[in-house]
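Just so you know, all these numbers are worked out from the coordinates, no wet-lab data involved. Computed from a predicted structure; not experimentally measured. When we count neighbours, we look across all protein chains shown, and the Cβ atoms used for this are built from the backbone with ideal geometry, even at glycine.
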Amino acid sequence: MLEIMKEYQCDICIIGAGPAGLNAALYCSRANRDIIVLEGKVQSALEKTKKIENWLGEKSIKGETLLNKFRNHVNKLENVRIIKGDVISLMLGMGKNMISTRAANITADVIVIATGTGERKEVIKGESNLLGYGISYCALCDGPAYKEKIVYLYGEDDELIEDALILHQMGCIVNIITPKDITELPVNIEKIKKKSINILDKMNIIELIPNSEGLLEKMKCKSVSSEQEEEIELDALFIFSHVPSTSIFKKAGVELDDKDNISVNQNQETNIKGVYAAGDVTGGLFQAIFAAAEGAKAGINAAKYCRQLEKK
């Protein structure tokens, strides 16, 4: 059975669950808005910080402990839902905003982007330019377009295996490429073998090559053990190791500066009406206190924008 994409609606969707995102949720909640916080796979920088000694009221505290305090506070708010998932596509500034993950579609009046620095560099050369032109992060979303075509999945966890089965069921010619040895893959790899899905293990993808029309045509791969390279032709590549968020924001029309940070004004507004950004994703001083402050400002202004929409 194929999974069914879940559908959500809210006033404000906050992308990111670090200090900026959670504080934005708190302030939006105080304005009696219906809020969804989307928590991605990439750890918050605060969560990875061993020790913090400059947070007012705490002489010394682990970053993870401090972030858990924020989470516990927000989890108690009745009008806030926290949903796990990485954003794979955005449609912004066209009335209702649409946010998609691999498992859900979210419709929101207002967006607050608070993803932190995230995965800022593409892992595969040429990946960003081919997003939507043969590169995808969602089998459920884009798989039907590649029925009876050659697709590869690149990654190493359970999600890779499950989505390979989904694409196979959709009628795609499915292959898996992974840097891991086949014996290190999840136990449900046996399901893959029964479907005769081809697996290339101990291989990294190092470059993606488009054709003359700008569509994905080939990928250059390198063996983990021998360093031997080869080129493989394909129609689509589904990547499950990361989602380069800045590429997604740029594709959705969000303006970035020369350092790939989201450009905002003093009210945390981006170039798109109803879309705000806060915290490390906007650059500046990478400190939890500043991220939380920007989150509060973004939350206040997002709630204000919601009120303006109601008056129209």
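Collect residues whose amide H, placed 1.01 Å from N in the peptide plane, falls under 5 Å from the amide H of Arg102; neighbours closer than 5 in sequence don't count.
Those lying under 5 Å, H to H, from Arg102 are Asp86.
For the range 128-239, with only Lys/Arg (+1) and Asp/Glu (-1) charged at the beta-carbon, what is the dipole magnitude about the Cα centre, in debye rounded to 20?
Rounded to the nearest 20 debye, it is 320 debye.
So how strong a dipole does the chain carry about its Cα centre when Lys and Arg Cβ are +1 and Asp and Glu Cβ are -1, to the nearest 20 debye?
I would put it at about 1300 debye.
Remind me, relative contact order of the chain in percent, using alpha carbon pairs under 8 angstrom and six or more residues apart?
Taking the mean separation of contacting Cα pairs over the length of the chain, I get 22 percent.
For the range 141-202, state which GluC sites (Glu not before Pro) are in a DSSP loop and have at most 15 other beta carbons lying within 10 Å of their beta carbon.
Passing both the DSSP loop test and the Cβ count: Glu148.
Name the shape class, rounded, prolate or oblate, that the alpha-carbon gyration tensor gives for the range 128-239, where a ≥ b ≥ c are the square roots of its eigenvalues, rounded holds for a/c under 1.5, and otherwise prolate holds if a/b is larger than b/c and oblate otherwise.
Oblate is the answer for the range 128-239, as a/c is 1.5 or above yet b/c matches or exceeds a/b.
Among Ala252, Ser136, Ser223, flag the residue with its Cα farthest along the positive direction of the charge dipole of the chain, charges on Cβ as +1 for Lys/Arg and -1 for Asp/Glu.
Farthest along the dipole direction, towards plus: Ala252.
So how much slack lies between Ile289 and Asn204, counting 0.36 nm per residue of separation and subtracting their Cα-Cα distance, in nm?
26.7 nm
If you count the DSSP beta bridges with both ends in the chain, what percent of them are antiparallel, to the nearest 5?
So the antiparallel bridges in the chain amount to around 40 percent.
With θ taken as phi - 60° and the coefficients 6.51, -1.76 and 1.60, list the Karplus ³J(HN,Hα) couplings across the range 250-266 in order, rounded to whole Hz; mark glycine and proline as x.
Running phi through 6.51 cos²θ - 1.76 cosθ + 1.60 with θ = phi - 60° gives 4, 4, 7, x, 6, 6, 10, 8, 5, 10, 6, 8, 6, 7, 9, 9, 5 Hz.
How would you classify the range 246-285 from its alpha-carbon gyration tensor, with a ≥ b ≥ c the square roots of the eigenvalues: rounded for a/c under 1.5, else prolate if a/b is greater than b/c, otherwise oblate?
Oblate.
Could you give the dipole magnitude of the range 13-116 about its Cα centre, charging the beta-carbon of Lys and Arg +1 and that of Asp and Glu -1, in debye to the nearest 20?
Around 240 debye, computed over the range 13-116.
Aspartates and glutamates within cross-link reach of Lys69: Cα-Cα under 15 Å, excluding same-chain residues under 8 positions apart?
Output for Lys69: Glu47, Glu58.
In percent, how large is the relative contact order of the range 128-239, given Cα pairs closer than 8 Å and 6 or more residues apart?
32
For the pair Gln169 and Met94, how long in nm is the line joining their label points, each one 7 Å along Cα→Cβ?
That separation, rounded to one decimal, is 2.8 nm.
Among the aspartates and glutamates, which have Cα under 20 Å from the Cα of Lys149 when same-chain residues fewer than 8 positions away are ignored?
Glu127, Glu162, Asp163, Glu213, Glu217, Glu231, Glu233, Asp235
Hey, can you rank 209-221, 34-46, 260-272 by average C-beta count inside 10 Å, highest first?
Ranked from most to least packed, the peptides come out as 34-46, 260-272, 209-221.
Given springs between every Cα pair under 10 Å in a Gaussian network model of the chain, which of Thr115, Thr101, Thr65 has the largest fluctuation?
The residue that fluctuates most here is Thr65.
Of Ser128, Ser225, Ser29, which is the most mobile in a GNM of the chain whose springs link Cα atoms less than 10 angstrom apart?
Residue with maximal mean-square fluctuation among Ser128, Ser225, Ser29: Ser225.
What aspartates and glutamates could a cross-link reach from Lys59, if we take a straight Cα to Cα line under 16 Å and drop same-chain neighbours fewer than 8 places away?
Output for Lys59: empty list, no partners.
Near Ile106, within a Cβ-to-Cβ distance under 12 Å, what is the net charge of the other residues, with Lys and Arg +1 and Asp and Glu -1?
-1
Each residue of the range 274-290 in turn: what ³J(HN,Hα) in whole Hz from Karplus with 6.51, -1.76, 1.60 and θ = phi - 60°, glycine and Pro shown as x?
Once rounded to whole Hz, the list reads x, 10, 10, 9, 8, x, 4, 5, 9, x, x, 8, 7, 10, 4, 5, 6.
Whole-Hz ³J(HN,Hα) for each residue in the range 203-210, computed from phi via Karplus 6.51 cos²θ - 1.76 cosθ + 1.60 with θ = phi - 60°, x for glycine and proline: what do you get?
Running phi through 6.51 cos²θ - 1.76 cosθ + 1.60 with θ = phi - 60° gives 9, 10, 8, 10, 7, 10, 10, x Hz.
Name the long-range amide H neighbours of Ile14: under 5 Å, sequence gap of 5 or more, or other chain; modelled H, no Pro or chain starts.
Correct list: Ile36, Val37, Leu38, Val112.
So who's got an amide H within less than 5 Å of the one on Ile52, skipping anything under 5 residues away but keeping other chains? H placed 1.01 Å off N, in plane.
Long-range HN contacts for Ile52: Ile61, Lys62, Gly63.
Which pairs break 25 Å Cα to Cα here: Lys96/Lys297; Lys48/Lys259; Lys125/Lys297; Lys41/Lys180?
In this structure, Lys125/Lys297 lie more than 25 Å apart at Cα.
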